[in-house]
Amino acid sequence: MTFSLRTQFDLTGRVALITGAANILGPEFAAALAEFGAQVALADINGEACVRVAQKVSETYGTKTLATTADVTDEQEVVAMVEKVLSTFGHLDILINAAATKTSNYFKALAEYSLADWERVMAVNLTSMFLCAKYCVSHFIDRKQGNIINISSIYGVVGPDSRIYEGSWYLNQQINTPPVYSASKGGVVSLTRYFATTLASHNIRANCITPGGVYSGQNEMFVDQYRARVPLGRMARREEMRGAMLFLASDASSYVTGQNLIVDGGWTAW
């Protein structure tokens, strides 16, 4: 049979579960997969927003979708979420861990950062990936195939550049990158490598996408300071994350595992 790269990107018959599906990038990931034929289960703690995303994806691409409300830091809710996906679609091929959060005191300085805020952000940004993988992997092992894609950040790879936050405020707090964000996102990269090496014998792949800054209405000062730091001279458009997701979710990356695909306009290349 002649090798066809076009067919390698075809996701017809695949089922993907996306956590954090109602956040900035979740809808983009869902759209990328649905456009190439996948059925998509979307999970988010914001159930109403999740339903809206699922409806839009279904109407746009004509694919079957499922919206479910879930706190992915709650083990029993994760169990129920996975069971609902399996009962709806019959199987699961791809787990996309994209859930992340901010607390009301998220931007506090290190010396003022509370343990409660640290633990909540760590639970959503990192522990949830462990829980979701825990309850999807047994199904993957039974089927002798599976694909885990985790979402990290450039600040899980390099240290934050505080200069880009000068003059930027959110809810009366000076914006910055708190220590828990870097720690959790760095943990995502390491956890991905752990999944890749320990699950490979079951034909389960695990990779990571690391986005740079994505424009989502930030103020002009922040945008100017950010783009001055990027070789391509701008922030990312949210739809620019679709290609990376499609590649890692499809057979086009069938020999790729344990990798961190950085999509940052060159930020980490300086």
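For the reader, a short list of remarks on this structure follows.
- From 177, 192, 197, residue being closer than 29 Å to residue 133 by Cα, of a type outside the set (Gly, Ala, Ser), surrounded by 14 or more Cβ atoms within 10 Å (Cβ to Cβ) and out of contact with any Pro (no Cβ under 9 Å at 6 or more places or on another chain): 192
- Single match in 79, 53, 72 (criterion: of a type in the set (Val, Ile, Thr), surrounded by fewer than 16 Cβ atoms within 10 Å (Cβ to Cβ) and more than 18 Å from residue 249 (Cα to Cα)): 79
- Single unsatisfied condition, residue 129 versus (1) surrounded by fewer than 19 Cβ atoms within 10 Å (Cβ to Cβ); (2) under 18 Å from residue 22 (Cα atoms): (1)
- Of the residues making up the range 28-52, those that are closer than 12 Å to residue 67 by Cα and either modelled with pLDDT under 95 or outside any strand (DSSP E or B) (or both) number 9.
- All positions within the range 212-270 that are among the aliphatic types (A, V, I, L, M) and within 30 Å of residue 202 (Cα to Cα): 241, 244, 245, 246, 248, 249, 252, 256, 261, 262, 263
- Close pairs from the range 101-120: first under 19 Å from residue 45 (Cβ atoms), partner modelled with pLDDT of 90 or more and of a type in the set (Lys, Arg), Cβ under 6 Å, at least 6 apart: 103/120
- Members of the range 155-202 that are at pLDDT 90 or above and of a type in the set (A, V, I, L, M, F, W, C): 157, 158, 164, 180, 183, 188, 189, 191, 195, 196, 199, 200
- Check on residue 142, exposed (fewer than 15 other Cβ atoms within 10 Å of the Cβ) and not in a loop (DSSP other than H, G, I, E, B): yes
The values are calculated or read from the model by the stated rules, or taken from the named source; none is laboratory data. Keep in mind that what you see is a predicted model, and the values were worked out from it rather than measured. Every residue, glycine among them, receives a Cβ derived from its backbone with ideal geometry; neighbour counts consider all protein chains shown.
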